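Take a look at the structure set out below.
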Amino acid sequence: VPTSAPSCTAGNVSPSESSACMPCEVGTYAHRGGELECSICPAGTFSGSQGQSACSLCGLGSDSEAGASTCVPCKKGRYASIYGTADSCTVCEAGKFLGREGGVSESDCIECTKGSYASSGSAECTESPAGSFLPSSNEKPEPCPAGTFSLPGDAQCTPCPQSSFSPNEKAAECI
């Protein structure tokens, strides 16, 4: 006597014609009934419980890899300004930072103050060290030339006062 395949509802599958219906695992879905296997949720989406007929989009400030059971907040220094961001949040540009997780727009990235800098994707700005200057907040510090000095956080080098000097570059003081 031939057996007929069970008529599974959306979110459930029957791996073979004679097996019982089984719910799709987290991170997967079955859009309609009668499917033999569950589909993996694409990157930027998730399925947090068994038996789902569709995956949900990740919210602003989060992303996911394919097959995710949940979305994860963007790391510090990154943001996601659209729903369903896949695999990688956008990095804040050089000269800006984002010190918290889950940034939702480029405006969450804050410009470094004068005398500090940040590379792209930074969670904080770094103060310019003594003996250096910053061409701009999105570049790394350059050494002060001989005859000049700078203190930590100075944006530019200062010429040594009259009757003093700094014989080497990267001076923190004149002698």
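Of all the residues in the range 140-166, those that are without any contact (Cβ under 8 Å) to a residue 12 or more places away in the chain and under 19 Å from Y117 (Cβ atoms) number 2.
Only residues that are closer than 28 Å to C89 by Cα and open to solvent by 80 Å² or more (accessible area, probe 1.4 Å) were counted in the range 139-175, giving 2. Taken over the range 84-107, the criterion of being of a type outside the set (S, T, N, Q), modelled with pLDDT under 95 and farther than 24 Å from K140 by Cα is satisfied by G84, A86, D87.
On the basis of being modelled with pLDDT of 95 or more and in contact with a strand residue (DSSP E or B) (Cβ under 8 Å, 6 or more places away or on another chain), does S53 make the cut? Spelling it out, S53 is indeed modelled with pLDDT of 95 or more and in contact with a strand residue (DSSP E or B) (Cβ under 8 Å, 6 or more places away or on another chain). Here G33, G48, G67, G27 are screened, and the one residue that is more than 30 Å from A155 (Cβ to Cβ) and at pLDDT below 95 is G33. Any residue in the range 71-81 that is open to solvent by 70 Å² or more (accessible area, probe 1.4 Å), in contact with a strand residue (DSSP E or B) (Cβ under 7 Å, 6 or more places away or on another chain) and without any contact (Cβ under 8 Å) to a residue 24 or more places away in the chain? The answer is yes; a qualifying residue exists. Can you go through G59, G48 and tell me which one is in contact with a Cys (Cβ under 8 Å, 6 or more places away or on another chain) and part of a loop (DSSP other than H, G, I, E, B)? Selected residue: G59, the only one of G59, G48 that is in contact with a Cys (Cβ under 8 Å, 6 or more places away or on another chain) and part of a loop (DSSP other than H, G, I, E, B). Of all the numbered requirements in (1) at pLDDT 95 or above; (2) open to solvent by less than 30 Å² (accessible area, probe 1.4 Å); (3) in contact with a strand residue (DSSP E or B) (Cβ under 9 Å, 6 or more places away or on another chain), V13 misses one, and that requirement is (1). For the range 113-135, does any single residue satisfy the condition of being assigned to a loop (DSSP other than H, G, I, E, B), farther than 25 Å from L60 by Cβ, within 27 Å of the chain's Cα centre (by Cα) and hydroxyl-bearing (S, T, Y)? For the range 113-135, residues assigned to a loop (DSSP other than H, G, I, E, B), farther than 25 Å from L60 by Cβ, within 27 Å of the chain's Cα centre (by Cα) and hydroxyl-bearing (S, T, Y): present.
Restricting the range 100-112 to residues that are assigned to a loop (DSSP other than H, G, I, E, B) and touching a strand residue (DSSP E or B) at 6+ places or on another chain (Cβ under 8 Å), the residue that is farthest from M22 (Cα to Cα) is C112. Tally up the residues in the range 108-122 that are of a type in the set (G, A, S), open to solvent by less than 30 Å² (accessible area, probe 1.4 Å) and at pLDDT 90 or above, please. Count: 4. Checking each residue in the range 81-93 for being assigned to a loop (DSSP other than H, G, I, E, B) and within 8 Å of the chain's Cα centre (by Cα) picks out S88, C89.
The values are calculated or read from the model by the stated rules, or taken from the named source; none is laboratory data. Note that the structure is a prediction, hence the values are computed from the model and not measured. When we count neighbours, we look across all protein chains shown, and the Cβ atoms used for this are built from the backbone with ideal geometry, even at glycine. Just so you know, the surface numbers come from the protein's heavy atoms only, side chains and all, with ligands and any DNA or RNA stripped out. Shrake-Rupley method; radii C 1.70, N 1.55, O 1.52, S 1.80 Å.
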